[in-house]
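All remarks here apply to the structure that follows.
The values are calculated or read from the model by the stated rules, or taken from the named source; none is laboratory data. As the structure is a prediction and not an experimental result, all values here were calculated from the model. Note that we place each Cβ from the backbone using ideal geometry, even for glycine, and neighbour counts take in every protein chain shown.
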Amino acid sequence: MEENKQNDKKINPDVLKWVIVGLAGFVILILIFSVGFFVGETKARFSYRWAENYHQNFGGPKEGFMAKPLPFMPGDFIESRGTFGQIIQINDSDLVIKGKDDAEKIILIKEDTVIESGREKVTKDTLKVDDYIVIIGSPNEQGQIEAKLIRVFRGNDMTFLPMSPRESFFR
């Protein structure tokens, strides 16, 4: 009778292994979902703040463009961590570039920003209006991009850039 009670209390190792594998898979699935949610939320927050601060950054209407809110379409989000475009204005600590769909973006240049032309490091003073640049950085609360890396493309460098019919202003 005692042997019977001991046999009832044993846990089958195969069942325990599958329960642990199932729980680990569920945790991994939740982590992947959380990362996707975080990235989407970051893009949405940057697009919203960019639109909210457009009138301050570029002298738009006083009430801003969000006075009459429009629904965002899936392709309406703006690149928040990097962009490509043509320099249209150079200020003391920032640049204004014309990017995809003629959207103007303010790029903040800090002391630790790396600026490269080809394989050479250059200074901010070498940047010129009408240069094409690629920026990698992070968004701030005012809808601007704080540049970590700026790569300048000039002359023959432009032949290697991908072009689409929609981005014909690069030509």
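This table checks each residue for (1) among the small types (Gly, Ala, Ser); (2) in contact with a Lys or Arg (Cβ under 7 Å, 6 or more places away or on another chain); (3) more than 16 Å from THR83 (Cα to Cα).
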| residue | (1), (2), (3) |
| --- | --- |
| LYS100 | no, no, no |
| LYS105 | no, no, no |
| LYS110 | no, no, yes |
| ILE115 | no, yes, no |
| ASN140 | no, no, no |
| GLN144 | no, no, no |
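Among the residues of the range 67-83, some residue qualifies, meaning at least one is under 30 Å from ARG154 (Cα atoms), surrounded by 12 or more Cβ atoms within 10 Å (Cβ to Cβ), modelled with pLDDT of 70 or more and under 17 Å from the mean Cα position of the chain (by Cα). Can we say ILE28 is modelled with pLDDT of 65 or more, over 22 Å from the mean Cα position of the chain (by Cα) and surrounded by 12 or more Cβ atoms within 10 Å (Cβ to Cβ)? In short, no.
Being modelled with pLDDT under 85 and in contact with a Ser or Thr (Cβ under 7 Å, 6 or more places away or on another chain) holds for only one residue in GLY118, GLY64, GLY60, GLY99, and it is GLY99.
Within the range 36-51, residues that are closer than 15 Å to LYS105 by Cα and of a type outside the set (S, T, N, Q) sit with their Cβ atoms under 9 Å from residues that are modelled with pLDDT under 90 and assigned to a helix (DSSP H, G or I), at 6+ positions apart or across chains, in these pairs: TRP50/ASN57. Restricting the first residue to the range 85-111 and requiring it to be touching a residue at least 60 places away in the same chain (Cβ under 8 Å), which pairs with a second residue that is acidic (Asp, Glu) and outside any loop (DSSP other than H, G, I, E, B) meet a Cβ separation below 8 Å and a spacing of at least six or different chains? Short answer, once both residue conditions are applied: LYS98/GLU104; LYS100/GLU167.
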